[in-house]
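Chemist: Handing you a structure now.
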Amino acid sequence: MKKLIYTLFGAAALFSSTSAFAQKTDTLRGMGWMHYKPAGAFQLQVGYRKADIRQLNNALNSNGAPSIDPSNIWLNASMFHVFNSWIVEDGIGFSPTASSNFNDIKVKYNQYQLFWRTGYNLSSNPSFRFYPFVGVNFSAAMLRVQDRAGVRTATDLSGELFNNTKSKTLWQPNFGIDLGLGYDFLIKMSAKQMDCFSVERNIPIGIRAGYYINAYAGDWKIDDYKLSNNPTDKQSAFFATLTIGLGYKVTK
């Protein structure tokens, strides 16, 4: 689990630092020559992508637990970067937690993701963007078992530290490829004047639609210990995402 967290944070830092470095370099150049005009946006996203956990539910059912009805909704925060006609989008997100209960045991399931996409704007109209894109998606499914009755058998901190319960956290790493189309309509706002340049502000409202290819579905694990008899189904599926953000473009 620690390796997954370090990997996700490391990848996020890499994407952010790479984009920030590129924008900073070009901005410094642009201050003298303005050959490049930095542009982009911060975005909030609500998306749909169906989760298929039938085999996981079969494993729960065989142990007396009711099936989980997973959420197909994804909530994301992302950064959008524009380099002339090229577009880069990177972000993080999660699906709301779904759960089931039996015999004072609660089982909870949700997913997390980190994605990076690049596309090419086919529109010459400054009021909207239309672009095909391709990207990579790193995600993890989390299954948490809470033995509420077992936890309550201890009454003090010392007794709880090594209390034997059914509580545990399992996780599954996944890697996917996003293929799709994006469209953004830009609502212009008043520009903000600075010393030697101005920032053109806008509110981008858009949609992303395409297909997620679950290229690799890893084994379920507890910490770094791999489990056997894992579900073999992959969660490739259609996705659609609505976005709204706060955009900018720096001009001389």
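FYI, it's all coordinate maths here, none of it is from the lab. Here the structure is a predicted model, which is why all the values come from computation and not from measurement. Here the Cβ is made from the backbone with ideal geometry for all residues, glycine too, and neighbour counts use every protein chain on show.
Chemist: Where nothing but the Cβ of Lys and Arg (+1) and of Asp and Glu (-1) is charged, how large is the charge dipole of the chain around its Cα centre, in debye to the nearest 20?
Modeler: The calculated dipole for the chain is roughly 340 debye.
Chemist: What's the exposure ranking of Leu44, Leu227, Leu186, going from fewest to most Cβ atoms within 10 Å?
Modeler: Leu227, Leu44, Leu186
Chemist: Output the peptides 70-76, 123-129 sorted from most to least packed, where packing is the average of other Cβ atoms within 10 Å over each peptide's residues.
Modeler: Taking the mean over residues of other Cβ atoms within 10 Å, the ranking is 70-76, 123-129.
Chemist: Let me ask another. Would you please classify the overall shape of segment 130-252 from the alpha carbon gyration tensor, given that a ≥ b ≥ c denote the square roots of the eigenvalues, rounded means a/c under 1.5, and beyond that prolate means a/b larger than b/c while oblate covers the rest?
Modeler: Here segment 130-252 falls in the oblate category.
Chemist: While we're on this one: Treat the count of other C-beta atoms within 10 Å as a stand-in for reagent exposure and order Val134, Val82 from fewest to most.
Modeler: If I rank by nearby Cβ atoms, fewest first, I get Val134, Val82.
Chemist: So who's got an amide H within less than 5 Å of the one on Asp69, skipping anything under 5 residues away but keeping other chains? H placed 1.01 Å off N, in plane.
Modeler: HN-HN under 5 Å from Asp69: Ser99.
Chemist: By a straight-distance test (C-alpha under 18 Å), which aspartates and glutamates pair with Lys168 as possible cross-link partners, with residues fewer than eight away in the same chain excluded?
Modeler: Asp104, Asp147, Glu160, Asp219, Asp223, Asp224
Chemist: When Leu179, Leu122, Leu161, Leu60 are ordered from fewest to most other Cβ atoms inside 10 Å of their Cβ, what list results?
Modeler: Leu161, Leu122, Leu179, Leu60
Chemist: Evaluate the charge dipole of segment 179-252 about its Cα centre and quote only its size in Debye, nearest 20, assuming +1 on the Cβ of each Lys and Arg and -1 on the Cβ of each Asp and Glu.
Modeler: Using Cβ point charges on Lys, Arg, Asp and Glu, segment 179-252 gives about 380 debye.
Chemist: Could you sort 146-152, 239-245, 107-113 so that the peptide with the highest average Cβ count within 10 Å comes first and the rest follow in order?
Modeler: 107-113, 239-245, 146-152
Chemist: Angle check, please: helix 2-33 long axis (alpha carbons) against the longest principal axis of the chain (alpha carbons), in degrees 0 to 90, nearest 10.
Modeler: 10 degrees
Chemist: Quick check for segment 183-252: number of Lys pairs with alpha-carbon distance under 22 Å, counting only pairs 8 or more apart or on different chains?
Modeler: Summing the qualifying lysine pairs gives 6.
Chemist: Further, regarding this structure: Which residue, Ala237, Ala39, Asn103, has the largest displacement toward the positive end of the dipole of the chain when charges sit on each Cβ (Lys, Arg +1; Asp, Glu -1)?
Modeler: Ala39
Chemist: Okay, moving on. Output the direction-averaged projected area (hull surface divided by four) of the convex hull of the alpha-carbon atoms of the chain, in nm².
Modeler: 16.7 nm²
Chemist: Now for a different question. Rounded, prolate or oblate: which fits segment 99-163, taking a ≥ b ≥ c as square roots of the Cα gyration tensor eigenvalues, rounded meaning a/c under 1.5, else prolate when a/b beats b/c?
Modeler: Verdict is prolate for segment 99-163.
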